[in-house]
Amino acid sequence: MLFIVSDSFDPYYNLAAEEFLMKERNEEVFMLWRNDNTIVIGRNQNTLAEINYDYVKEQNIRVVRRMTGGGAVYHDMGNINFTFIVNSEKDFSNYDAFTAPIIGFLQSLGVDARLKGRNDLVIEDKKISGNAQYMHKGRMLHHGTLLYDARQNKLSQALAVSEEKIKSKGIQSVRSRVTNIGSYLKEPPPAEQFMKQLADYMVKSIPDCQYYDIHVHDEAITKLRDEKYATWEWNFGYSPRYAFSAKKRFPFGEVEIHLQTGREAVIEEAKIYGDFFSRKPIDELAERLCGLRHEANEIEKLLTEIVVSDYIDGMSTEDFLTILF
């Protein structure tokens, strides 16, 4: 088995590396990696329904969709991620096989971790790890998180989204009480040292394990990163159809917007209501939204081509965007 420690903190690169190793190589793999300031969305989720968009934008949090299902998670440098890639079809949904060595490592440190339900690791019923799996042509990928010293406040704010705004057919995350592994260690080392301890434990536990330099594949991985994982189309546009609604009161009146999106988050229907005044028919502005992606840059471009206050007296471009995002 190849043993890889990614020295990149770029989520787009790390998830592209996973897919490359899964689909373009035949070797079995164990990889450790970290992402900085990132939300990772499950494959079948609606991105806008899972994130606090204003906070994510303000904090420059990157958003990326992974190959596996499950819920949204926040990654920072206090979160360690592990990946197994094996040549097997029989282990799908067998989370015990892949979490057992992780539990063994934590118990060797005196931490009473255990598997709860199908895919969570917990300490005292508080979640420290979520796990997910993906199959492709006789190869299976299993990956999971380890909350070691994550910023809990940022985690909760980044994933705090109003359920009233978006009615989605995507898989919704289940919010759990979480905790950090470091809180259960008498003298918790820095996250880097904890990750090295895990690496040493796994190398000793896995037969025929050998270190491998992922950077020999940088050209192919970077291409996949740039063409897929770093794109709006994959991270936002891949979302299932959804209905969006939001309203906000301004000094010039209340404005309420309803959108229905189709494939790739393209707006199919738009309605705008409120007690504002307008010089031009509001339905005209709603019609201009149809055919655009529900994406800030694309709608902002439209608003540079029109005078939004002609349709909603007193409203600025920034005001309009705050309702939609």
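The values are calculated or read from the model by the stated rules, or taken from the named source; none is laboratory data. Since we're looking at a predicted model, the values are computed, not measured. All Cβ positions, even for glycine, are placed from backbone atoms using ideal geometry, and neighbour counts span all protein chains on display. These accessible areas exclude ligands, DNA and RNA; they are computed on the full protein's heavy atoms, side chains included. Shrake-Rupley method; radii C 1.70, N 1.55, O 1.52, S 1.80 Å.
Points to keep in mind about this one:
- Stokes-Einstein D in µm²/s, Kirkwood radius over Cα pairs - the range 175-325 at 37 °C with 0.692 mPa s viscosity: 164 µm²/s
- In a fully extended conformation the segment linking residue 43 and residue 310 would gain 92.1 nm over its present Cα-Cα distance, using 0.36 nm per residue.
- In this structure, residue 197 and residue 116 have a Cβ-Cβ separation that, at R0 = 22 Å, corresponds to a calculated FRET efficiency of about 0.40.
- Portion, in percent, of the accessible area of the range 167-325 that falls on carbon or sulfur, probe 1.4 Å: 51 percent
- Distance violations [Cα-Cα > 30 Å] among 57/228; 228/271; 127/223; 57/280; 116/228: 228/271; 127/223; 57/280; 116/228
- Solvent-accessible heavy-atom area per residue, rounded to whole Å², over the chain at 1.4 Å: 47 Å²
- Gyration tensor (alpha-carbon) shape descriptor, the range 60-112, a/c threshold 1.5: oblate
- Stretch gain in nm, segment residue 275-residue 156, where the contour uses 0.36 nm per residue and the Cα spacing is subtracted: 39.4 nm
- What separates the Cα centres of the range 266-291 and the range 212-237 is a distance of 38 Å.
- Placed amide H near residue 276: partners under 5 Å, 5+ positions off or other chain: 254
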